[in-house]
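To start, the structure under review is shown below, and the notes come after it.
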2 protein chains.
Amino acid sequence: MSAKARPTYSAIAKAAGVSEATVSRVLNGDERVNPERTAAVLKAVDDLGYRKNRAATALASGRTGLIAVVIDDDLSIFDDPFWGTVTSGISRVLMENHLQTVLMVTSVNNVDGPVAHYLESREVDGAIFFQLHKDAMVRKLAKAGLPIVITGSPHTDADLTFVDTDNFGGGYAATKHLMNRGCKKVAIITGDIETTAGHQRLDGYNQVYRELGRVPAKTLVKQGDYSYESGHIQMQHLLAENPDVDGVFACNDLMALGAIAAIEEAGKSVPGDVAVIGFDDSIPARTSRPQLSTVRQDINALGEAAAQLMIAQLNGELVESRIMPIELVLRESA
Amino acid sequence: MSAKARPTYSAIAKAAGVSEATVSRVLNGDERVNPERTAAVLKAVDDLGYRKNRAATALASGRTGLIAVVIDDDLSIFDDPFWGTVTSGISRVLMENHLQTVLMVTSVNNVDGPVAHYLESREVDGAIFFQLHKDAMVRKLAKAGLPIVITGSPHTDADLTFVDTDNFGGGYAATKHLMNRGCKKVAIITGDIETTAGHQRLDGYNQVYRELGRVPAKTLVKQGDYSYESGHIQMQHLLAENPDVDGVFACNDLMALGAIAAIEEAGKSVPGDVAVIGFDDSIPARTSRPQLSTVRQDINALGEAAAQLMIAQLNGELVESRIMPIELVLRESA
DNA sequence: CGCAAGCGTGAAACCGATTTCACAATAATA
DNA sequence: TATTATTGTGAAATCGGTTTCACGCTTGCG
């Protein structure tokens, strides 16, 4: 009656005059099938418009064709375009390799929660995690043999595969630029120091001082939380404690903008009196006045790299973590 | 030797002293199983730490437990936090209902491309699409019986289920507010008019004029493309053609900021000479100076609503599209 | 020339659930 | 009380692929 039932191996086998086993071999690229048979199978597949049933494949082979992308609830996902861009880079590369992206936005803290269970159950072939505060769960999964890639640096030195922006290099480049342009007293407004990324940017800043044989005054190092407001407040403190501060490296653009506001409110000019440089090259960096000089990370490339490392792992290749280069974007503020 | 092999129905059935069929019934909430047997099964499940194999379930039942979220390549995803927020709202609600989100970032134009094939093949139980320029593929899939929800309004009046922000209401509220605050000559910088959303915001603007028995001059309606630059340029045109324009509704925040820049460059003040109101309540709206008055949409709720409509469809309920309310956020610019 | 190794192939077992169907036990009806 | 529904249950078929195993045949080597 209805010819709309999807064809199965049985139909292909019949049409091509071979066994189902041979159909499977052809469709999985087994080399040692007779070319004529191979051709017959491929023709039948084409004629009948056959497409594999993924559930059946998954059940029989144990491979689901799915990769989880796990994003911690904690991340300020809700207004940061960062993760969206990374994720779309991941998704594109995975799709090109016939893998699908399963997106999970949840609390990653719980080593025994539903997400952990889901991943342990091998309902995915691998998992890509976004920077996390606690990596206990990830380490557990990795130990259990699940292929894993972390976007952002892991806390511990456990040999987890990761991709990350060159945070150290970014902090270094920004600070160095401020020094080179003549700043004498360069401050830093850090992000979350608990985070590896936050720490590394601070390290880059310190390294510049070290190379100059100097040590930054304690009052030049302020801790923010990546918010506009924290940039604003910490800058006020900086100005109060160091009236002659003439350069600021803010660890993200938002804090940089907050800092600029504070500087101008104090009757000083940017970059005339105080040069400011941010991190991320986000949209506001381009539209603010003065336009913000900043450290750009190629977020899309970050996602692509993460996906590629995952694929390499699935292919059983030996993979090494990658640090993606940054680029200093000079506009008006420094 | 190794006790780590995952238990299956067979093990549960043996431990509980029932058949596999009964195990299945218990685990799928079939009411008519003897309570004692039910308890025995549940105990066995707990004791053995059993968890279902999704691939097997999918193969046997036809339900994959996966919902696709399809995002068009064309969308300026790469720096718009909008879709990320919506997606995370979707993901959270789906997870609560034991469904996983499959993220697909690709070109949706191709009615016969890999995405279409993937979705047609029933490798997912349903699909949520983001606003699209062409909905041919979506309609095809819907006709094929795939549960579908669209985030953003569909082009045609086909009876596709969708959730959308009240774009008309937003345009109306913004324009009305400008009028109420005393503006005599209110202009609009539209977004992409081809888009339903863009068109609806313009309709809201026109409606205010209509209710006042007026018709906006042609020169007061300018078309932008949602970019900062287009806001800047169109505002320059507006000022040139209408030196006495005193209110502007820009169809997104970015264009509003561009407009403000143009106004200030022309030696006028905001909101003193020209009041400006945007749309989205994005980050820059809060950090710019003057702070931007804007139309806020509850993006997270939008995602949640989309997921809920999907779940309702899966449950066979009759669903109706939803329009989510907007909120006027008044800051400094109007 | 004889025997071991290698190759291509199909039959059948298998992956782990769901679902149909038949059957026995019980309740409802005549 | 005889008969028909109803109910709970297990055996077995089923979903659509993958993979093991054995078989027949060709090739290589001593």
| note | Inter-copy distances for residue A:43, nm, shortest first, label points 7 Å along Cα→Cβ, are 6.3
| task | Heads up, I need the accessible area for residue B:176: 1.4 angstrom probe, whole protein in place, Å², nearest 10. | result | 60 Å²
| task | On the full set of protein chains, 1.4 Å probe, figure out the accessible area of residue A:289 and give it in Å² to the nearest 10. | result | 110 Å²
| Size of segment A:9-52 as Cα extents on the principal axes (Å, biggest first) | 24, 18, 15
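For an R0 of 41 angstrom, estimate the FRET efficiency from the Cβ-Cβ distance between residue A:140 and residue B:301 and round to the nearest 0.05.
Numbers: r = 35 Å, r/R0 = 0.85.
Calculated value: 0.75.
Calculate how large, on average over all directions, the projected area of the Cα convex hull of segment A:75-227 is; give the answer in nm² to one decimal.
11.0 nm²
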| note | Extension length gain for residue B:291 and residue B:20 (0.36 nm per residue less Cα distance), in nm, is 91.1 nm
| remark: With Cα springs under 10 Å, the Gaussian network model of chain A assigns the largest mean-square fluctuation among A:235, A:310, A:179 to A:179
| field | Pairwise burial B:A, computed as accessible area of each alone minus the pair, summed, 1.4 Å, Å² | value | 3900 Å²
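Counting only protein heavy atoms, what percent of the accessible surface of segment B:1-133 is carbon or sulfur at a 1.4 Å probe? Mind dumping the intermediate values first?
Numbers: 3320 of 6420 Å².
Of the solvent-accessible surface of segment B:1-133, carbon and sulfur hold 52 percent.
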| note | Surrounding charge for residue A:121, neighbours by C-beta under 10 angstrom, Lys/Arg +1, Asp/Glu -1, total +3
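Got a number for carbon plus sulfur as a percent of segment A:205-257's accessible area, 1.4 Å probe? The partial results should precede the final answer.
Values: 1290 of 2350 Å².
Within segment A:205-257, the accessible surface is 55 percent carbon and sulfur.
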| request: Report, for residue B:316, each distance to the same residue's label point in the other copies, shortest first and in nm; define the point 7 Å along Cα→Cβ. | output: 4.7
| query | Straight-line reach from residue A:268: which lysines have a Cα under 17 Å away, not including same-chain ones fewer than 8 places off? | reply | A:184, A:185
| Could you give the angle, 0 to 90 degrees to the nearest 10, between helix B:299-314's Cα long axis and the longest principal axis of the Cα atoms of chain B? | 40 degrees
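Hey, got the dipole for the protein assembly as shown? About the Cα centre, +1 on K and R Cβ, -1 on D and E Cβ, debye to the nearest 20? Please report the intermediate quantities before stating the final value.
On the way: 64 positive and 84 negative charges, 300 e Å.
That gives the protein assembly as shown a dipole magnitude of about 1440 debye.
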| Solvent-accessible ranking of B:211, B:320, largest area first, probe 1.4 Å | B:320, B:211
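State in Å² the accessible area per residue of segment A:9-52; use a 1.4 Å probe, count heavy atoms of protein chains only, and round to the nearest integer. Mind dumping the intermediate values first?
Values: 2820 Å² over 44 residues.
I get 64 Å² per residue for segment A:9-52.
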| Ranked order, A:24, B:91 - accessible area, probe 1.4 Å, largest first | A:24, B:91
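From the Cα gyration tensor of chain B, with a ≥ b ≥ c the square roots of its eigenvalues, which class applies: rounded if a/c is under 1.5, or else prolate if a/b is larger than b/c, or else oblate?
On the way: a/c = 3.09, a/b = 2.75, b/c = 1.12.
Prolate, since a/c reaches 1.5 and a/b exceeds b/c.
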| said: Net charge around residue B:291, counting only other residues with Cβ within less than 12 Å of its Cβ (Lys, Arg = +1; Asp, Glu = -1)? | reply: 0
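On average, how many beta carbons from a partner chain sit within 10 Å of the beta carbon of a residue in B:94-105?
Values: counts 3, 7, 1, 0, 2, 0, 9, 6, 6, 11, 7, 10.
Rounded to a whole number, the mean comes out at 5.
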| request: Could you work out how far helix A:196-211 tilts from the main Cα principal axis of chain A, as a 0 to 90 degree angle to the nearest 10? | output: 50 degrees
| task | Please name whichever of A:323, A:279, A:262 sits farthest to the positive end of the charge dipole of segment A:257-334, dipole taken about the Cα centre and charges placed at Cβ: Lys and Arg +1, Asp and Glu -1. | result | A:262
| If the viscosity is 1.567 mPa s and the temperature 4 °C, what Stokes-Einstein diffusion coefficient in µm²/s follows for segment A:167-297 when Rh is the Kirkwood radius over Cα pairs? | 93 µm²/s
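In chain A, what percentage of the DSSP-assigned beta bridges are antiparallel, given to the nearest 5?
Values: 4 of 38 bridges.
For chain A, the DSSP antiparallel bridge percentage is about 10.
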| task | Search the structure for amide H atoms under 5 Å from the amide H of residue B:334, placed 1.01 Å from N in the peptide plane, and list their residues when 5 or more places away or on another chain. | result | B:276, B:293
| message | Suppose we keep just the DSSP beta bridges with both residues in the protein assembly as shown; what percent of those would be antiparallel, to 5? | response | 15 percent
| task | Rounded to the nearest 10 degrees, what's the angle between the helix B:253-265 long axis and the longest principal axis of chain B, both from Cα atoms, 0 to 90? | result | 20 degrees
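Name the shape class, rounded, prolate or oblate, that the alpha-carbon gyration tensor gives for segment B:92-133, where a ≥ b ≥ c are the square roots of its eigenvalues, rounded holds for a/c under 1.5, and otherwise prolate holds if a/b is larger than b/c and oblate otherwise. Numbers along the way, then the final one.
Details: a/c = 2.94, a/b = 1.66, b/c = 1.77.
Oblate.
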| Label zone at residue A:181, where the point sits 7 Å out along the Cα-to-Cβ direction: segment A:247-263 residues whose backbone N lies under 11 Å | A:247-249
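Note down the net charge around residue A:66, summing +1 for each Lys or Arg and -1 for each Asp or Glu among other residues with Cβ under 11 Å from its Cβ.
Values: positive: A:54, A:63, A:122, B:54; negative: A:123, A:125, B:123.
Here the count lands on +1.
Assign unit charges at the C-beta atoms only (+1 for Lys and Arg, -1 for Asp and Glu), then state the dipole size of segment B:9-52 relative to its Cα centre in Debye, rounded to the nearest 20. Mind showing how you got there, number by number?
On the way: 7 positive and 6 negative charges, 19 e Å.
Approximately 100 debye in magnitude.
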| query | Looking only at B:112, B:73, B:30, which one moves most when chain B is put into a Gaussian network model with springs between Cα atoms under 10 Å? | reply | B:30
| request: List the lysines whose Cα lies under 20 Å from the Cα of residue B:43, skipping any in the same chain that are fewer than 8 positions away. | output: B:4, B:14, B:52
| 222 nm mean residue ellipticity, helices alone, for chain B (DSSP H n ≥ 4; -39,500 (n - 2.57); rounded to 500) | -13500 deg cm²/dmol
| Accessible area expressed per residue, segment B:162-202, with surrounding protein chains retained (probe 1.4 Å, Å²) | 33 Å²
| request: Leaving ligands, DNA and RNA out of it, work out the accessible area of residue B:6 with a 1.4 Å probe and give it in Å² to the nearest 10. | output: 100 Å²
| remark: Once phi for every residue in segment A:238-250 is put through the Karplus expression 6.51 cos²θ - 1.76 cosθ + 1.60 (θ = phi - 60°), the whole-Hz ³J(HN,Hα) values, with Gly and Pro written as x, are 4, 5, 5, 7, 9, x, 9, 4, 10, x, 9, 9, 9
| said: Past the 46 angstrom mark, what percentage of all C-alpha to C-alpha distances in the protein assembly as shown do you count? | reply: 28 percent
| note | A correct Karplus calculation of ³J(HN,Hα) over segment A:271-279, with 6.51 cos²θ - 1.76 cosθ + 1.60, θ = phi - 60°, whole Hz and x for Gly and Pro, returns x, x, 8, 10, 8, 10, 9, x, 8
| task | For residue A:97, go 7 angstrom from Cα along the Cα-to-Cβ vector, then report the distances to that same point in the other copies in nm, smallest first. | result | 3.2
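The values are calculated or read from the model by the stated rules, or taken from the named source; none is laboratory data. All figures in this text were calculated on a predicted structure; none of them were measured in a lab. Using ideal geometry, Cβ is built from the backbone for each residue, glycine included, and neighbour counts are taken over all protein chains shown. Side chains included, ligands, DNA and RNA excluded: accessible areas come from the protein's heavy atoms. Shrake-Rupley method; radii C 1.70, N 1.55, O 1.52, S 1.80 Å.
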